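Chemist: One structure follows; several queries about it will come next.
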């Protein structure tokens, strides 16, 4: 478990992944679902019909209304947490390392809450996939799956997501990506993920050198994924235009996430992972 140290894991023990929606699961577990069944969480009433279990009559309503009403309860079910990490060549280095660390922390939280955790690496296809595991006893296997994700190849989120196995029941998807897609299209894969998942949390990974490039003078920039090069003369004015466009682009992605009902977090890789998890993501309602 080299991704996180033991003292940090101990701080994560009482946290849970939040869920803003309810959806039917596959088996009885610790999560509330939208399906009606037998559990300790009251959901609604309906009129009694012959054959209903008399144990679930609401005798307070019977006394008050002189009619028979049955209590309905929300069935408890489990969830699958899908961790999707962009591992295209543009994510190489600190961005992929940071994504792995944040994903490891959130997977530890999910495993402690009886969720199942699946891990996938995405580039111009499905680069790697580890099926869902449950329970802290499987944390080492999940962490190994995260460490086995290596950078390389181009970006084709549509093709990669089409190859993802489908999971029955409730799902939370955690997407880690730099959004450096060849066609610049970010909303189409987000729509696909929102359609397939009960809930989507998006983590936009940026290196400090991308947010504030330490560049000046005559340069040749080389695309990490395509190998294409662009000659450039960097001036303070050009750098300011670049940073303005970066913020506009990032805000556009955030707005797309908001329209689709997903959460968006812009992460700079020099931010401490512990502060991000224990403070920022709790404030944003991703964990509780």
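Chemist: Let me confirm something: among 102, 117, which residue is in the same structural domain as residue 208 (by TED's automatic domain parsing), over 21 Å from residue 178 (Cβ atoms) and modelled with pLDDT of 85 or more? Write out each step before concluding.
Modeler: Numbers: 102 fails: over 21 Å from residue 178 (Cβ atoms).
Only one candidate qualifies: 117.
Chemist: Could you pull out the residue among 90, 39, 77 that is modelled with pLDDT of 80 or more and surrounded by 14 or more Cβ atoms within 10 Å (Cβ to Cβ)?
Modeler: Checking each option against the conditions leaves just 90.
Chemist: Continuing with the same structure: Residues that are at pLDDT 80 or above, within 30 Å of residue 224 (Cα to Cα) and not in a helix (DSSP H, G or I): does segment 1-19 have at least one?
Modeler: There is at least one residue in segment 1-19 that is at pLDDT 80 or above, within 30 Å of residue 224 (Cα to Cα) and not in a helix (DSSP H, G or I).
Chemist: Can you report the number of residues in segment 165-187 which are in contact with a helix residue (DSSP H, G or I) (Cβ under 8 Å, 6 or more places away or on another chain) and either closer than 15 Å to residue 123 by Cα or surrounded by fewer than 14 Cβ atoms within 10 Å (Cβ to Cβ) (or both)?
Modeler: Residues flagged as in contact with a helix residue (DSSP H, G or I) (Cβ under 8 Å, 6 or more places away or on another chain) and either closer than 15 Å to residue 123 by Cα or surrounded by fewer than 14 Cβ atoms within 10 Å (Cβ to Cβ) (or both) within segment 165-187 amount to 9.
Chemist: Quick one: is residue 140 more than 14 Å from residue 85 (Cα to Cα), out of contact with any helix residue (DSSP H, G or I) (no Cβ under 7 Å at 6 or more places or on another chain), assigned by TED's automatic domain parsing to the domain that holds residue 194 and surrounded by fewer than 23 Cβ atoms within 10 Å (Cβ to Cβ)?
Modeler: yes
Chemist: OK, next. Over 26 Å from residue 103 (Cα atoms), in the same structural domain as residue 188 (by TED's automatic domain parsing), out of contact with any helix residue (DSSP H, G or I) (no Cβ under 6 Å at 6 or more places or on another chain) and surrounded by 14 or more Cβ atoms within 10 Å (Cβ to Cβ): which single residue out of 278, 239, 246, 267 fits that description?
Modeler: Numbers: 278 fails: over 26 Å from residue 103 (Cα atoms); 246 fails: over 26 Å from residue 103 (Cα atoms); 267 fails: over 26 Å from residue 103 (Cα atoms).
The unique qualifying residue is 239.
The values are calculated or read from the model by the stated rules, or taken from the named source; none is laboratory data. Since the structure is predicted, the reported quantities are computational estimates derived from the model, not experimental observations. Counting neighbours? That spans all protein chains shown, and the Cβs are built from the backbone with ideal geometry, glycine included.
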